[in-house]
Amino acid sequence: MKLRIASLTTLCLALATVPASAQNWTYDNGPINGLVDAWTINFGFIVSDTFTAGGPSANGFAFGVHELPGDTMISVDWSITSGENGGTTFGSGTASGKNLTDKFLSQNQFGFDIDLITVSGLNVNLNAGTYWLNLQNAMVPSGDPVYWDENSGIGCKGDNGMGGGCPSGAAFGFEPIPPEAFDITGTSGGTTPEPSSIVLFASGVLGVAGLKRRKLF
């Protein structure tokens, strides 16, 4: 009987090492600048920026835009590819409705509204590695232009003077440009078990052991 209990305990501890939850990862390409420059993401223009994924999935992204006063973005086309708006496409779609929010942040010295756009519900399968986020066909009800905020990347010194080197790349019409302000989030495999599940399983195993003992005696 002691041997059986010991075996069940060992089994319980072994199962406790099985991953029971995922971990989140975020690629942050730096803060929204909103002061100097931005790039058109409607009227047929496409802007592409590199990012590094933690894998195995991407579930959302957020980025800064310049809009004319009072405008609110209602949709934007996006894709995640292996190259600069090309190569293998890992996911694409049109963000709108409940999957897109537009939050006003401030107004800059040129009279543009600086807004934070948040896109959710991507569910794109990715291995750990480097990819491109491509945005185009941004829409506001008025039909006005929409611009993706340039921040020159993380710690990058561009024409907005943010200081440091340039770790990420971007392209507008397939010409190299300073990177934009955005972040992208996802999940990766976790190794942390859920304590409550382990406790419940352990108590169940011990309960079964107890029943076996009563039957034997």
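Just so it is clear, none of the values below were taken in a lab; they were calculated from the coordinates. Predicted, not measured: the structure shown is a model, and the values here were computed from it. Neighbour counts are summed over all protein chains in view; Cβ atoms, including those assigned to glycine, are modelled from backbone coordinates with ideal geometry.
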Residue among A138, W78, H66 farthest towards the positive dipole end of region 23-189, charges placed on Cβ: W78
List the residues of region 49-83 whose backbone N lies under 15 Å from a point placed 7 Å from the Cα of A22 along the Cα-to-Cβ direction. 53-61
Tell me the net charge near A58. Cut-off is 15 Å between Cβ atoms, A58 excluded, with +1 for each Lys or Arg and -1 for each Asp or Glu. -3
With θ set to phi - 60° and the Karplus curve 6.51 cos²θ - 1.76 cosθ + 1.60, what are the ³J(HN,Hα) couplings of region 122-129 in order, to the nearest whole Hz, using x for Gly and Pro? 5, 6, 9, 7, 9, 7, 4, x
Using each residue's phi in region 29-40, evaluate 6.51 cos²θ - 1.76 cosθ + 1.60 at θ = phi - 60° and report the 3J(HN,Hα) Karplus result to the nearest Hz, with x for Gly and Pro. 8, x, x, 5, 8, x, 10, 10, 9, 6, 10, 5
In nm, what is the difference between 0.36 nm times the number of residues separating S96 and N125 and their Cα-Cα distance? 8.4 nm
Return the long-range amide H neighbours of F90 (sequence gap of 5 or more, or a different chain), with a cut-off of under 5 Å between placed amide H atoms. I80, T81, S82
Residues whose modelled amide H sits under 5 Å from the amide H of L122, counting only those 5 or more places away in sequence or on another chain, are G60
Rank-order 112-120, 99-107 by packing density, defined as the average count of other C-beta atoms within 10 Å over each peptide's residues, highest first. 112-120, 99-107
